[in-house]
Amino acid sequence: TIFLAGLLCIWANYDADRQRQQFRQVNGDCLIWGSKPRMVVAEYTTENGITKRSLLLASGWWGQARHFHYVFEIGAAFFWSVPGLFHRFMPFLYVTYLTILLLDRAYRDDARCRAKYKSYWDEYCAIVPYKVVPGVI
């Protein structure tokens, strides 16, 4: 059961990446979980003054939270640690480290995207209000 839960986390993480890659490859002209995807078309200016466009996916896994796939990465690390049982903390050092790393990364990424996309990021955050865990953070 622990092994299957870990495999499910790995599959979901790869599926989230697949959704985003597919969405970007076809410029949003696809189905995500059987429906046309919600998106924000964001324009930004590079340091060289060139205006570019990005599509921000707000459907599927990416509609749950902006970094919902981190839950699956942390889950896989947790299920990898569980066979060490709960008698010692050592088997859980990796999952603890990864949790701290990914939560910090989610906050840094949010700040970077807010600076890059400006009002488009606010629009995206209105659609996908949670950073990592829906209803929590």
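For the condition closer than 27 Å to ILE127 by Cα and more than 22 Å from the chain's Cα centre (by Cα), what is the one hit in THR99, THR51? If you could, list the steps in order and put the result at the bottom.
Numbers: THR99 fails: more than 22 Å from the chain's Cα centre (by Cα).
Only one candidate passes the filter, namely THR51.
Being assigned to a helix (DSSP H, G or I) and in contact with a Phe, Trp or Tyr (Cβ under 7 Å, 6 or more places away or on another chain) is the filter; apply it to segment 19-31 and report the residue that is nearest to LEU57 (Cα to Cα).
Filtering segment 19-31 for residues assigned to a helix (DSSP H, G or I) gives 19-25.
Remaining after also requiring in contact with a Phe, Trp or Tyr (Cβ under 7 Å, 6 or more places away or on another chain): 19-20.
Details: GLN19: 9, ARG20: 7 Å.
Across segment 19-31, the extreme among qualifying residues is ARG20.
When the residues of segment 19-43 are filtered to those that are open to solvent by less than 40 Å² (accessible area, probe 1.4 Å) and in contact with a strand residue (DSSP E or B) (Cβ under 7 Å, 6 or more places away or on another chain), which remaining residue is nearest to TRP80 (Cα to Cα)?
Step by step, filter segment 19-43, then rank; the result is GLN19.
So which of ALA16, ALA77 ends up being in a helix (DSSP H, G or I), modelled with pLDDT of 95 or more, open to solvent by less than 70 Å² (accessible area, probe 1.4 Å) and within 19 Å of PRO134 (Cβ to Cβ)?
Values: ALA77 fails: within 19 Å of PRO134 (Cβ to Cβ).
Testing whether each residue is in a helix (DSSP H, G or I), modelled with pLDDT of 95 or more, open to solvent by less than 70 Å² (accessible area, probe 1.4 Å) and within 19 Å of PRO134 (Cβ to Cβ) leaves just ALA16.
Can you tell me which condition ARG88 does not meet? The list is (1) within 21 Å of LEU102 (Cα to Cα); (2) in a loop (DSSP other than H, G, I, E, B); (3) of a type in the set (D, E, K, R); (4) open to solvent by 90 Å² or more (accessible area, probe 1.4 Å), and all the others hold.
(1)
The values are calculated or read from the model by the stated rules, or taken from the named source; none is laboratory data. Everything numeric in this text was worked out from a predicted model, so none of it was measured. So basically every Cβ, Gly included, is an ideal-geometry build from the backbone, and we count neighbours across all protein chains shown. Each accessible area value is taken on the protein alone, full model and side chains, heavy atoms only, with ligands, DNA and RNA left out. Shrake-Rupley method; radii C 1.70, N 1.55, O 1.52, S 1.80 Å.
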